[in-house]
Amino acid sequence: MTAGLEISGISKAFDGERALEDVALTVPAGSVTGLMGPNGSGKSVLVDIITGQTRPDAGRVQLLTEGDRQEIGGLPAETIAGLGVARCWADVRLLGMASVLDEVLVGAYTLRQASILGSMLGLGAARRDQRESLENCRQLLNLVGLGARTQSRPDALSHGERARVGIARALASDPGLLILDGPANGLAAEEVALLTDLILGLKAAGVTVLLAERNMKMIADCCDSVVVLNAGRRIAAGSPADCFATAAVQRAYFGATAAGIAAC
Amino acid sequence: MMEWLTDLSANLATPLGLTAAMALLAMSVRCLWAVGVPSVAGVACGALAGYLAANMLQAGLSVAWALLAGGLAGFWFGLVLAWGAARLPPAWQGLASLALLGLVLPLARLLPDWTGGREGLALDSTPPALWSFIALALGLLLAARLEGSWFGRAAIALRQDAAVAAGLGIQRPAILGLAYGFAGLLGGWGGVALVLTRGAVAPGMFSTSLGLLALAAALLGGAYHWLGPWLGAMLIVLPSALVLDEGSAIQDFAVALVVLALVIFLPRGLLDPRDSSRRAARARHRQRSAVPAMAPVDDRPRRRRSSGGPHRSRLDAAIKRRGGGPA
Ligand SMILES: Nc1ncnc2c1ncn2[C@@H]1O[C@H](COP(=O)(O)OP(=O)(O)OP(=O)(O)O)[C@@H](O)[C@H]1O
Ligand SMILES: [Mg+2]
């Protein structure tokens, strides 16, 4: 079940230091929406607030599923995950499992059907459950281009491959809303291109994606619309091209407007 | 020849029974270690189960019933302990479990009707060692099953990164509760096996040094494979049970030394299936030069084999679509 998101008036300060102020953001169901901004602009804090890792000081976070509107601001992270919101972390954060496949399987936790007793006794339902999630996770690893590495040790992978395992792990819960925080961090250009392709594929499959990313090219290639943050404030919103053209965004990213740079 | 064999099996029965009991207790330690809690709470559950089993056997009930009841009592007590421990950070849960073991001795003396007081309870006859092996086999089966289940993976996630685990929808109280319950079940079987092997239960049996022994076996075997605690128990308990008197100062000294050495020099234990693949990975890493490419598009499956179940996903369509042309 694909889901949308509506955020309004979100503010957050850490020890009096403002991280977000009155931020609004709408992610229509089935879209890829960008959350852009330079270093320290508050993207990750906003992602943490949406996923329940951080409590906002003020504001609303609403999850929209098939005409239903549910306030999720301030709910525990595991509850929000249970509602179909999955995320990737800027620093990937794999879990030291024995294999790449296990790293992805743990992502299917919210879909488990077998009771613990069934798993203990190895009942048919538990075995079927296990088989299905294995099959699904293999498919996901194929999708992210790691079909040949299912049995590899996660720490034997390159950073880019690990980032893709993180995405497969998030997809394993069949999320209605997928939030990617800085997926292109530290990736080479060709890997960013692979990731872009993957996100476009997800969009085609109807997955709603919120892409919190600094990389302007990736945002331009993937997103239908984008919200730009700077120092915790929303400075622009609209199509990527329109946003890139605004003076505020150019100043935030380059310290000057395009016209100013051209004049130099 | 036959006589020699019978002698040998009679002589080995007690050491092997003890090893089975210790392996189960070590498995209970590992069960909590899996969620990042260094605790011997399972050994305390073993004490409860051991006393219960001794009482049942004295009342004339069969060993099978004693094992069943001991396991269930251990599981129940584990859940009770989890309820108390849930608020505490892992290290404090560990300390609390030591304090709990310290309670066994005075409690046994305070409840002489049930525990036999200072002398403990002696069974009329020592049941065959086979029962301890059955308990061990059940424990190993349980550990193997749990390892590959959603519970096993959720436990690792919780141990490694609580924030990521929460982000995956893993409820800490539920997983912690189950881990305590299973530690209690395994510890309960371990306690019953210990009582069966000894043919008696006494307050000194479930001491902190027994907890330390279980910890040593679990640490030596390593937390990364369900056979680890059994291997650890075989290496630590079997030799000392064959050679030394029970509870001798030398054994206690050796065990303490082993724990110390393990914690310092071999924190991962002997049995870490990830080591060999890690070595291979390092070798591969050295060979690899360029950024690895994605798998060829043609490798992607055209069709999911299973159609029903909860894992049906919207991605099916995308996988199919993307299977057709180059990315
Ligand atoms: N837990 C925290 N405690 C105190 N300050 C924090 C905390 N988390 C974030 N901040 C601050 O909030 C601001 C926004 O940080 P955030 O990580 O959201 O930036 P970002 O946009 O994700 O940057 P990047 O592109 O580098 O990932 C920063 O000034 C950061 O120092
Ligand atoms: Mg960030």
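Could you tell me whether the stretch A:208-227 includes any residue that is modelled with pLDDT of 90 or more and under 22 Å from A:MET97 (Cβ atoms)? Looking through the stretch A:208-227, none of the residues is modelled with pLDDT of 90 or more and under 22 Å from A:MET97 (Cβ atoms).
Mind listing whichever residues of the stretch B:205-233 are farther than 30 Å from B:GLY116 by Cβ and among the small types (Gly, Ala, Ser)?
Of everything in the stretch B:205-233, those that are farther than 30 Å from B:GLY116 by Cβ and among the small types (Gly, Ala, Ser) turn out to be B:GLY221, B:GLY222, B:ALA223, B:GLY228, B:GLY232.
Only one of the numbered conditions (1) within 16 Å of ligand 1 (Cβ to nearest atom); (2) more than 16 Å from A:ASP221 (Cα to Cα) is violated by A:ARG169, and that is (1).
For the subset of the stretch A:52-69 comprising residues that are β-branched (Val, Ile, Thr) and in contact with an Asp or Glu (Cβ under 9 Å, 6 or more places away or on another chain), which member is nearest to ligand 2 (Cβ to nearest atom)? It would help to see each step written out before you state the result.
In the first step, residues of the stretch A:52-69 are kept if they are β-branched (Val, Ile, Thr); the result is A:54, A:61, A:65.
Narrowing the set further to residues that are in contact with an Asp or Glu (Cβ under 9 Å, 6 or more places away or on another chain) leaves A:54, A:61.
On the way: A:THR54: 12, A:VAL61: 18 Å.
Looking at residues that are β-branched (Val, Ile, Thr) and in contact with an Asp or Glu (Cβ under 9 Å, 6 or more places away or on another chain), I get A:THR54.
If you go through the stretch A:1-16 and keep only what is more than 16 Å from ligand 2 (Cβ to nearest atom) and either within 14 Å of another protein chain (Cβ to nearest Cβ) or of a type outside the set (Gly, Ala, Ser) (or both), you end up with A:MET1, A:THR2, A:ALA3, A:LEU5, A:GLU6, A:ILE7, A:ASP15.
Scan B:ALA193, B:ALA200 and give me the residue that is within 30 Å of B:THR115 (Cα to Cα), away from chain A (no Cβ under 13 Å), aliphatic (A, V, I, L, M) and more than 15 Å from the chain's Cα centre (by Cα).
Values: B:ALA193 fails: more than 15 Å from the chain's Cα centre (by Cα).
Only one candidate passes the filter, namely B:ALA200.
Of the conditions (1) part of a helix (DSSP H, G or I); (2) modelled with pLDDT of 90 or more, B:GLY169 satisfies every one except a single condition; which number is it? The failed condition is (1). Search the stretch A:179-229 for residues being surrounded by fewer than 21 Cβ atoms within 10 Å (Cβ to Cβ) and closer than 21 Å to A:GLU6 by Cα, and hand back the single one that is farthest from ligand 1 (Cβ to nearest atom). Selected residue: A:GLY206. Scanning the stretch A:196-223 for residues that are out of contact with any helix residue (DSSP H, G or I) (no Cβ under 6 Å at 6 or more places or on another chain), part of a helix (DSSP H, G or I) and within 16 Å of ligand 2 (Cβ to nearest atom) yields a single hit, A:MET216.
Given the options B:LEU79, B:LEU140, name the one that is under 22 Å from B:PRO15 (Cα atoms) and in a helix (DSSP H, G or I). Explain how you work it out, then say what you get.
On the way: B:LEU79 fails: under 22 Å from B:PRO15 (Cα atoms).
Unique residue meeting the criteria: B:LEU140.
Here is the figure for the stretch A:104-145: residues that are modelled with pLDDT of 85 or more, outside any helix (DSSP H, G or I) and more than 7 Å from every other protein chain (Cβ to nearest Cβ) total 1.
When the stretch A:171-184 is limited to residues that are within 16 Å of ligand 2 (Cβ to nearest atom) and within 12 Å of chain B (Cβ to nearest Cβ), the one that is nearest to the chain's Cα centre (by Cα) turns out to be A:ILE179.
Would you confirm whether or not the stretch A:143-153 contains a residue that is more than 16 Å from ligand 2 (Cβ to nearest atom), in contact with a Gly (Cβ under 8 Å, 6 or more places away or on another chain) and closer than 19 Å to A:ALA168 by Cα? Yes, the stretch A:143-153 contains at least one residue that is more than 16 Å from ligand 2 (Cβ to nearest atom), in contact with a Gly (Cβ under 8 Å, 6 or more places away or on another chain) and closer than 19 Å to A:ALA168 by Cα.
The values are calculated or read from the model by the stated rules, or taken from the named source; none is laboratory data. As the structure is a prediction and not an experimental result, all values here were calculated from the model. Using ideal geometry, Cβ is built from the backbone for each residue, glycine included, and neighbour counts are taken over all protein chains shown.
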